[in-house]
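Down below is the structure, laid out as structure tokens.
The values are calculated or read from the model by the stated rules, or taken from the named source; none is laboratory data. A quick note: this is a predicted structure, and the numbers were derived from the prediction, not measured. Every residue, glycine among them, receives a Cβ derived from its backbone with ideal geometry; neighbour counts consider all protein chains shown. All accessible areas refer to the heavy atoms of the entire protein, side chains included, with ligands and DNA or RNA removed. Shrake-Rupley method; radii C 1.70, N 1.55, O 1.52, S 1.80 Å.
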Amino acid sequence: MTAYDDLPPYLLGFPGPLRDQLVAAVLSGAKTSTTGLLAEYEAEEEPLPEPGARSLLVDSAERGVAVVEVTAVEVLRLGDIGLQHALDEGEGYASVAEWRTAHEEFWHSDPVRGAIGDPGFTVDDDTLVIAERFRVTERLV
């Protein structure tokens, strides 16, 4: 047991290459924001993140690699996501349009639709998303 075992997991994407890429971007300092669907939080009956909350960032092997702290949370319309948020996702997007294309592909995937419980789920400008900012407070690897 470690001092971090009581922290909730901070999960980015689903286990596999995408999660590994996102975790690497967090550890490099490139990724300081992320975006989730309000519908997914509601379907999974999860509370929204809150500033000051600390979590254990885990990789695809469910191994804790860093402690992250939420610094800001906004509920926004998808159409209101700005360029700085897209850039801070640390995935190399040069525009909001690039960011949105990649996120729509992910959000329209079978695993996300399964988590929401709607096989035909799609997003549009009015879809509510959770724009979250965070910082690494401690690296464990």
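If I filter segment 22-36 for residues that are among the hydrophobic types (A, V, I, L, M, F, W, C), part of a loop (DSSP other than H, G, I, E, B) and either more than 19 Å from R133 (Cβ to Cβ) or within 14 Å of the chain's Cα centre (by Cα) (or both), do I get at least one hit?
Checked segment 22-36: at least one residue is among the hydrophobic types (A, V, I, L, M, F, W, C), part of a loop (DSSP other than H, G, I, E, B) and either more than 19 Å from R133 (Cβ to Cβ) or within 14 Å of the chain's Cα centre (by Cα) (or both).
Checking L22 against (1) open to solvent by 20 Å² or more (accessible area, probe 1.4 Å); (2) modelled with pLDDT of 95 or more, which single condition isn't satisfied?
(1)
Taking the options Y41, Y4, name whichever one is open to solvent by 20 Å² or more (accessible area, probe 1.4 Å), over 13 Å from F134 (Cα atoms), assigned to a loop (DSSP other than H, G, I, E, B) and out of contact with any helix residue (DSSP H, G or I) (no Cβ under 7 Å at 6 or more places or on another chain).
Answer to the check: Y4.
All but one of (1) open to solvent by 50 Å² or more (accessible area, probe 1.4 Å); (2) of a type outside the set (D, E, K, R); (3) not in a helix (DSSP H, G or I) hold for L56; state the number of the condition that does not hold.
L56 satisfies every listed condition except (1).
With (1) assigned to a loop (DSSP other than H, G, I, E, B); (2) small (G, A, S); (3) under 16 Å from L140 (Cβ atoms) as the list, and G13 as the residue in question, which single condition is left unmet?
Result: G13 passes all but (3).
Conditions (1) closer than 25 Å to L27 by Cβ; (2) touching a Gly at 6+ places or on another chain (Cβ under 8 Å); (3) among the basic types (K, R), marked per residue:
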{"position": "V70", "(1), (2), (3)": "yes, yes, no"}
{"position": "E74", "(1), (2), (3)": "yes, no, no"}
{"position": "R77", "(1), (2), (3)": "no, no, yes"}
{"position": "L83", "(1), (2), (3)": "yes, no, no"}
{"position": "D88", "(1), (2), (3)": "yes, no, no"}
{"position": "A97", "(1), (2), (3)": "no, no, no"}
{"position": "H108", "(1), (2), (3)": "no, no, no"}
{"position": "R113", "(1), (2), (3)": "no, yes, yes"}
{"position": "I116", "(1), (2), (3)": "no, no, no"}
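Filter segment 87-141 for residues that are part of a loop (DSSP other than H, G, I, E, B) and either among the β-branched types (V, I, T) or touching a Lys or Arg at 6+ places or on another chain (Cβ under 8 Å) (or both) and give the result.
E89, G90, E91, P119, G120, F121, T122, V123, D125, D126, T127, V141
I'd like to verify a number: residues in segment 83-103 that are touching a Leu at 6+ places or on another chain (Cβ under 9 Å) and either aliphatic (A, V, I, L, M) or surrounded by fewer than 16 Cβ atoms within 10 Å (Cβ to Cβ) (or both), how many?
Number satisfying all stated conditions: 3.
Which of the following residues is in contact with a Lys or Arg (Cβ under 8 Å, 6 or more places away or on another chain) and either surrounded by fewer than 18 Cβ atoms within 10 Å (Cβ to Cβ) or not in a loop (DSSP other than H, G, I, E, B) (or both): V65, V75?
Answer to the check: V65.
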